1. Which FRET efficiency, nearest 0.05, do Gln173 and Ala86 yield, Cβ-Cβ r, R0 41 Å?
2. State the Cα centre-to-centre distance between segment 34-61 and segment 120-138 in whole Å.
3. Say each of Thr95 and His120 gets a label point 7 Å from the Cα, pointing the same way as Cα to Cβ; how far apart are those two points in nm?
4. When only C-alpha pairs under 8 Å and at least 6 residues apart count, what is the relative contact order of segment 50-147, in percent?
5. If each DSSP helix of 4+ residues adds -39,500 (n - 2.57) and the sum is divided by the residues in the chain, what number results at 222 nm, nearest 500 deg cm²/dmol?
6. With θ taken as phi - 60° and the coefficients 6.51, -1.76 and 1.60, list the Karplus ³J(HN,Hα) couplings across segment 136-146 in order, rounded to whole Hz; mark glycine and proline as x.
7. Using log10 I(q)/I(0) by the Debye sum over Cα atoms at q = 0.11, 0.18, 0.19 Å⁻¹ as the read-out, say which of (1) -0.55, -1.17, -1.24; (2) -0.61, -1.08, -1.15; (3) -0.42, -1.28, -1.45 was calculated from these coordinates.
8. Given a cut-off of 19 Å, name the pairs among Lys115/Lys158; Lys52/Lys84; Lys85/Lys181; Lys128/Lys158 whose C-alpha atoms lie farther apart than that in the structure shown.
Amino acid sequence: MRSPTSRRGPSAPPKNGPRFNDFIQSPTVRVIDDQGENLGILDTDEAVERAKAVGLDLVEVSPNAEPPVAKFLDIGKFKYEAQKKANLARKSQKTQDIKEIKMRPNIDNHDYDVKMKKVHQFIGNGDKVKVTLRFRGREMAHQQLGMQLLQRVQEDTKEDAKVEAYPRLEGRQMLMVLSPK
């Protein structure tokens with residue numbers, strides 16, 4: 001039997017993945033065998049010997065429990081399955097992009113409709129939309145026209161989008177950000 005403060009086996013536990021066999025630092029572990037049956041609390045050395053007798057590794061599956069829970073598993077297969085699961089989760093997650101639509105304050109109706117079709121398409125794909133209204137020259141004197149246009153955009157998209165950033169003026173541009181509901 002060893003003292004609870006001594007380290008066992010190689011100098012450091014594996015950097016990625018769970019501790020197994022001689023890397024387990026706890027003197028005792030709650031052991032679950034390869035059939036899923038609880039063998040109770042055993043000395044770590046004895047549990048490692050039992051796992052090796054079955055041809056498997058003792059893998060720490062719940063290190064924060066008191067005492068830690070360890071299972072009889074094939075460590076290579078366990079790591080491979082965990083990697084496959086992580087890759088699948090990373091592949092299936094949707095990243096949310098920010099798409100930008102640029103307009104001018106005196107935009108024509110048809111041009112506005114084309115831009116709005118694109119806004120609806122982007123929001124339907126789950127992306128955020130940044131609507132940028134650019135003022136040039138004397139248009140800066142009529143900022144209320146830009147505000148009315150952005151309120152019209154907000155009204156036209158209220159069924160499938162919510163306003164994340166309300167219209168604000170930054171230099172010669174007025175910005176508004178829409179996100180899917």
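Readers should treat all values here as calculations from the given coordinates under stated rules, not as data from a laboratory. Everything numeric here is computed off the predicted structure, so don't read it as measured data. We place every Cβ from the backbone using ideal geometry, glycine too, and count neighbours over all the protein chains shown.
1. Details: r = 41 Å, r/R0 = 1.00.
After rounding, the FRET efficiency stands at 0.50.
2. Comparing the Cα centres of segment 34-61 and segment 120-138, I get a distance of 59 Å.
3. Reported label-point gap for Thr95 and His120 is 2.9 nm.
4. Working: 81 pairs, mean separation 21.5, N = 98.
For segment 50-147, the relative contact order is 22 percent.
5. Numbers: 4 runs with 59 residues, N = 181.
Roughly -10500 deg cm²/dmol at 222 nm, from the helical runs in the chain.
6. 10, x, 6, 4, 4, 6, 10, 5, 5, 5, x
7. (2)
8. Numbers: Lys115/Lys158 16 Å; Lys52/Lys84 26 Å; Lys85/Lys181 29 Å; Lys128/Lys158 14 Å.
As for pairs spanning more than 19 Å Cα to Cα, those are Lys52/Lys84; Lys85/Lys181.
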